[in-house]
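Here's the structure, in structure tokens; my notes come after.
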Amino acid sequence: MHDNHEHTGDGCCEESEPITLLKRQLGKTKVQLSVFGFGARGLMKSTGRDVEASIMIRSALDLGVNFFDASRSNGASETYYGRALQGRRDDVFLSSKTGARDRAGAEADLKKSLSVLETDFLDLWQLEDVRTAKDVDAIFGPGGAIEALVEAKKNGTVRFIGVHGQHDPMVIKRCLETFEFDTVMIPVNPADPSEDSFVEVVVPVASAQDMGIIGIDVMLDGMLNAPARLLVSYALTQPVATVAIGCDDLKQLKENVEAAGTMQVLTQKEVVRLREFVAKFAGDIM
């Protein structure tokens, strides 16, 4: 899924050069997404900061970002997008999530999401934070949430459907083996454990289905003192279409966009070395 034109220069753009965000294909959806996506954390988890949020969302658009992720459960993220994207809806690939495990609850969430986001469709609708076997049984059982996702895609209320998880890769693997989603959203960082790793367990199954892979938890919530460009380069070296990163402020947004715009594909040796180094601290930051 890697772009054939990855930037592999020295990584530091001249101040006079604008950052150009590459795009990659989101699996079988054929959609081209910016390699940096605007995540549903950081400022987007807050409430009552409408002006700041609008400025940051529109700044991200101006920087070339076209993937914007929200969640029904994340603060005012949907409200912020609904207000900031007026007149710009056609410029973005808009995603949200439902934490419901039953059909009725998921349908209610979608109705609320569309209303608050002030749109008549979502580009991507995801099952949020699938953690346990019990979750999986409920989602795929009679009257489960998967029925709402399938129906929404069928009637055009959502274009694509996906699953999100950051707790147990074996649970997400089971989801992908049970149903062929369009996308999967998982942690992609060097602290991902060597055993039961999302990259090692989930990515091969997703890739075999030509599923769009979206990386999250790339920055490890700032708990690892490492350059943004190194962590973003690590994530984008994996077979992901984009990384969704939450930002606290405009400075952080610009730093992360620059990190994505100047990323370098790491060699396998560099990937292994970084994971081995971070493994010493992984228990404290995961």
Can you find, within the stretch 191-229, the residue that is surrounded by the fewest Cβ atoms within 10 Å (Cβ to Cβ) among those that are at pLDDT 95 or above, among the aliphatic types (A, V, I, L, M) and assigned to a helix (DSSP H, G or I)? A208
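Criterion first (part of a strand (DSSP E or B), among the small types (G, A, S) and free of Cβ contacts under 8 Å to residues at least 60 places away in the same chain) does G246 satisfy it? Quick ask: steps written out before the conclusion?
On the way: part of a strand (DSSP E or B): yes; among the small types (G, A, S): yes; free of Cβ contacts under 8 Å to residues at least 60 places away in the same chain: no.
The answer is no for G246.
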Quickly run through the stretch 107-135 and pick out the residues that are β-branched (V, I, T) and closer than 16 Å to G75 by Cα. V116
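Of everything in the stretch 188-209, what is within 15 Å of A235 (Cα to Cα) and in contact with a strand residue (DSSP E or B) (Cβ under 6 Å, 6 or more places away or on another chain)? Give them in sequence order. Even if it seems obvious, please write down each step before you answer.
Taking the stretch 188-209 first, the residues within 15 Å of A235 (Cα to Cα) are 188-193, 197-200, 202-203.
Those that are within 15 Å of A235 (Cα to Cα) and in contact with a strand residue (DSSP E or B) (Cβ under 6 Å, 6 or more places away or on another chain): V188, F198, V202.
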Which one of these does F121 not meet: (1) over 30 Å from R58 (Cα atoms); (2) in contact (Cβ under 8 Å) with a residue 12 or more places away in the chain? (1)
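In the list S96, S54, S71, S113, which residue meets the criterion of being crowded, with 18+ Cβ neighbours inside 10 Å, more than 17 Å from the chain's Cα centre (by Cα) and among the polar types (S, T, N, Q)? Write out each step before concluding.
On the way: S96 fails: more than 17 Å from the chain's Cα centre (by Cα); S54 fails: crowded, with 18+ Cβ neighbours inside 10 Å; S71 fails: more than 17 Å from the chain's Cα centre (by Cα).
Being crowded, with 18+ Cβ neighbours inside 10 Å, more than 17 Å from the chain's Cα centre (by Cα) and among the polar types (S, T, N, Q) holds for just one of S96, S54, S71, S113, which is S113.
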State whether one or more residues within the stretch 168-186 are under 18 Å from the mean Cα position of the chain (by Cα), closer than 20 Å to V271 by Cβ and modelled with pLDDT of 95 or more. yes
Suppose the filter is out of contact with any Leu (no Cβ under 7 Å at 6 or more places or on another chain), touching a residue at least 60 places away in the same chain (Cβ under 8 Å), under 30 Å from V92 (Cα atoms) and surrounded by fewer than 17 Cβ atoms within 10 Å (Cβ to Cβ); does V265 pass it? yes
Tally time: how many residues in the stretch 148-190 are surrounded by fewer than 16 Cβ atoms within 10 Å (Cβ to Cβ) and closer than 16 Å to I214 by Cα? 2
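R275: touching a helix residue (DSSP H, G or I) at 6+ places or on another chain (Cβ under 7 Å) and either over 22 Å from D135 (Cα atoms) or surrounded by 15 or more Cβ atoms within 10 Å (Cβ to Cβ) (or both), yes or no? Talk me through it step by step, then tell me what you get.
Details: touching a helix residue (DSSP H, G or I) at 6+ places or on another chain (Cβ under 7 Å): no; either over 22 Å from D135 (Cα atoms) or surrounded by 15 or more Cβ atoms within 10 Å (Cβ to Cβ) (or both): yes.
Taking the combined requirement at face value, the residue does not satisfy it.
The values are calculated or read from the model by the stated rules, or taken from the named source; none is laboratory data. Nothing here was measured: the structure is a model prediction, and the numbers come from that model. FYI the Cβ positions are ideal-geometry reconstructions off the backbone, even for glycines, and counts take in every protein chain you see.
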